[in-house]
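Structure first, commentary second.
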Amino acid sequence: MKILNFGSLNIDLVYQVDHIARPGETIASSAHEVFAGGKGANQSAALALAGAEVFHAGQIGPEGQWLVDKLAGFGVNMMYTLTGETPTGHAIIQVDNQGQNSIVLFPGANKKISHSAIDSTLSHFAQGDTLLLQNEINGIDYLIAQGKERGFKVCFNPAPYGPEVLAYPLHFVDLLIVNETEARGLLGPAVPDQLIDRLAAAWPQAQIVLTLGEQGAHYSSAQERFYLPATPIDAVDTTGAGDTFIGYFLQGLIADMAPQVAMQRAITAAALCVAKPGAMDSIPTTTELI
Ligand code: RIB
């Protein structure tokens, strides 16, 4: 059974700041680094580092080849990532003294993926394969519908959340992974305690994971429901923690781990990611988890 992650690849321009710039304010950064990122690419890297065989499909511009090489170095199969003329997507990321971030995205090539590229890539996968999606490329509604039609297990992380997500065919999604912001976007205002119940009621066909950062994570499916606390850690940079969680969790499920075991591993991996700067570069290997 193969895993296809159709998702973004970004060049992350990271600025260390005392605090996140306020409206109208100009601030100086104390450090600047360039990292590999993109929610899609980070999740592919995490899947591969966790031990999965993963194919990453997406699109870069001419200056993004190093992202492809880097992912290939992690063991991700990059044969379905195309290079076009539009510049590679990038993210301008402020990271403050508490490790919290604020991100501005330039989608670039991530939003130039053609239907024919989608169709041609999907044709190499078969019923029972897994399709993982985030919300940083174009064509997500089509990909979800096609994934369902072709009998794939469709996993969706609606990040970053935008109102367009509400028009996607979410009733075709088999595994929905959201954080608190995404859950509120999907459901409207709700008290934190009700979020997992309301997600489960809205999408009863799906396995649902609700991540709450320092507050841990909830899991709900037709079979079981549980909560696991987060691993306490001094945060250096939270960028990529959610992606690390998703890659490790999905790899665990595909390797037939019980959801609770897969989630515990994902929580540990996400905590280790938060302890280092950068997104893709801070995803731990399985040996670091022990
Ligand atoms: O989830 C973290 C990622 O979000 C960063 O790597 C950045 O590229 C943005 O897509």
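The values are calculated or read from the model by the stated rules, or taken from the named source; none is laboratory data. All values reported here derive from a predicted model rather than from experimental measurement. Don't worry about glycine lacking a Cβ; one is built from the backbone with ideal geometry, like all the others, and counts go over all protein chains shown.
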Being modelled with pLDDT of 95 or more, of a type in the set (A, V, I, L, M) and within 14 Å of the ligand (Cβ to nearest atom) narrows 49, 71, 82 down to just 71
Filter segment 234-270 for residues that are within 16 Å of the ligand (Cβ to nearest atom) and farther than 19 Å from residue 157 by Cα; the one that is surrounded by the most Cβ atoms within 10 Å (Cβ to Cβ) is 237
Checked 143, 170 against criteria (over 30 Å from residue 235 (Cβ atoms), surrounded by 21 or more Cβ atoms within 10 Å (Cβ to Cβ), in contact with a strand residue (DSSP E or B) (Cβ under 8 Å, 6 or more places away or on another chain) and of a type in the set (A, V, I, L, M)); the one match is 143
Name the residue, out of 110, 138, that is more than 27 Å from residue 275 (Cβ to Cβ) and within 11 Å of the ligand (Cβ to nearest atom). 110
Looking only at segment 21-46, count how many residues are among the hydroxyl-bearing types (Ser, Thr, Tyr) and either within 16 Å of the ligand (Cβ to nearest atom) or at positive phi (or both). 1
Does residue 88 satisfy the condition of being buried (at least 18 other Cβ atoms within 10 Å of the Cβ), in contact with a His (Cβ under 9 Å, 6 or more places away or on another chain) and of a type outside the set (Gly, Ala, Ser)? no
For residue 131, work out the one condition from (1) more than 15 Å from the ligand (Cβ to nearest atom); (2) within 21 Å of residue 211 (Cα to Cα); (3) out of contact with any Phe, Trp or Tyr (no Cβ under 7 Å at 6 or more places or on another chain) it doesn't fulfil. (3)
For segment 1-20, enumerate the residues that are assigned to a strand (DSSP E or B) and either more than 15 Å from the ligand (Cβ to nearest atom) or closer than 23 Å to residue 96 by Cα (or both). 3, 4, 10, 11, 12, 13, 14, 15, 16
Sole residue being over 17 Å from the mean Cα position of the chain (by Cα), surrounded by 15 or more Cβ atoms within 10 Å (Cβ to Cβ), of a type in the set (Val, Ile, Thr) and more than 21 Å from residue 246 (Cα to Cα), chosen from 60, 20: 60
Kindly indicate the residue of segment 23-37 that is free of Cβ contacts under 8 Å to residues at least 12 places away in the same chain and of a type in the set (A, V, I, L, M) and also surrounded by the fewest Cβ atoms within 10 Å (Cβ to Cβ) among those meeting that condition. 28
Elements of type helices (runs of 4 or more DSSP H) contained in segment 199-290, each with 3 or more residues being among the aliphatic types (A, V, I, L, M): 241-254, 259-274
So which of 102, 116 is under 29 Å from residue 167 (Cβ atoms), within 14 Å of the ligand (Cβ to nearest atom), among the polar types (S, T, N, Q) and not in a loop (DSSP other than H, G, I, E, B)? 102
